[in-house]
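In what follows, a single structure is set out as structure tokens and then discussed.
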Amino acid sequence: MRVLAIVHQPNAGPGVFAEAIAASGATLDAWQLGRADPPPRDPRSYDAVLTFGGGMNADQEDVHPWLGREKRLLAELLELEVPLLGVCLGAQLLAEAGGVPARRGSAPEIGWYPVQTTGQALGDPLFGPLAPGFRALEWHSYEFPLPDGAVALARSEACLQAYRLGGASWGIQFHAEVTLADFESWVSRYGSDPDAVALRVDPEQLRAQTRAAITGWNQLGRELCTRFLSVAESARR
């Protein structure tokens, strides 16, 4: 099985998802779409595609014209029923490909937040094992509305946290993929995020919380990705 990771910045890549992909025996290609590099191969030829986060916002096509290109690609992959998993910005772009644009959230979430699964999550192949909820590592100011025909799978107090669109495409707002090194690089640059400054993020406290929780969190991420790969593998048969 071949898997494509669409990456928007070097410290926001597949993280521990790459470990799950390697353990499954699948081949992972990474594509930093925003650099205008050609993809490793035709994105439509992959058995599964994952798209990750980034410091840009989903509505900034005037600053990052490639965002429009990615939205169009994701819409095409949805039409082709290629299994998809979007994380944070990637989930927002996937929702827009599904017909609803991302929007600024009612409140940013930066740090650890409780997330509750919905009743519809119980039968979901990715989210069923996460019921009734979990604490999630977040860093976002935008959110995705629920696309038409999609199923809401998890929510926090602030916003929708996960959805399933069609039979094999998911979006998650939280960072199940992130490694400790990557997250600490975000914390080190928190001053460049006006919302993090406005929230008065305490970088040392956030580092300490994350170091204490990251082992279990990374295991949740690997298992979530493994379940996604199982769906993608089944779709090949």
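Laid out as a table, the results:
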| read-out | value |
| --- | --- |
| For F174, distant residues with modelled amide H under 5 Å away | C88 |
| Built amide H within the under 5 Å cut-off of A154, gap 5+ | T118, Q161, A162 |
| Cα centre as origin, Lys/Arg/Asp/Glu Cβ charges: the chain dipole, Debye | 320 debye |
| Under Karplus coefficients 6.51, -1.76 and 1.60, residue-wise ³J(HN,Hα) of the stretch 173-186 in Hz, glycine/proline x | 7, 7, 9, 5, 8, 6, 8, 4, 4, 5, 5, 5, 5, 5 |
| Average projection area in nm² (convex hull over Cα atoms of the stretch 1-96, one quarter of hull surface) | 5.6 nm² |
| C-alpha center-to-center spacing [the stretch 183-215, the stretch 47-103] in angstrom | 25 Å |
| Dipole axis of the chain (+1 Lys, Arg; -1 Asp, Glu on Cβ), positive-most option in Q116, A91, S141 | Q116 |
| D148/A208 FRET efficiency (R0 41 Å; Cβ-Cβ; nearest 0.05) | 0.45 |
| Spacing of the two label points (7 Å from each Cα toward its C-beta) at R200 and D59, in nm | 2.8 nm |
| Kirkwood hydrodynamic radius over Cα pairs of the chain, then Stokes diffusion coefficient at 4 °C and 1.567 mPa s, in µm²/s | 74 µm²/s |
| Full-extension gain in nm, Q219 to R41, via 0.36 nm per residue minus C-alpha separation | 61.1 nm |
| The chain: antiparallel DSSP beta bridges as a percent of all, rounded to 5 | 55 percent |
| Neighbourhood charge, 11 Å Cβ-Cβ cut-off, centred on Q209 and excluding it, Lys, Arg +1 and Asp, Glu -1 | +1 |
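Every read-out reported here was derived from the displayed coordinates using simple, explicitly stated rules and does not represent laboratory data. Bear in mind that the values here come from a model prediction, so they are computed numbers and not experimental data. Cβ coordinates were reconstructed from backbone atoms using ideal geometry, including for glycine residues, and neighbour counts include every protein chain displayed.
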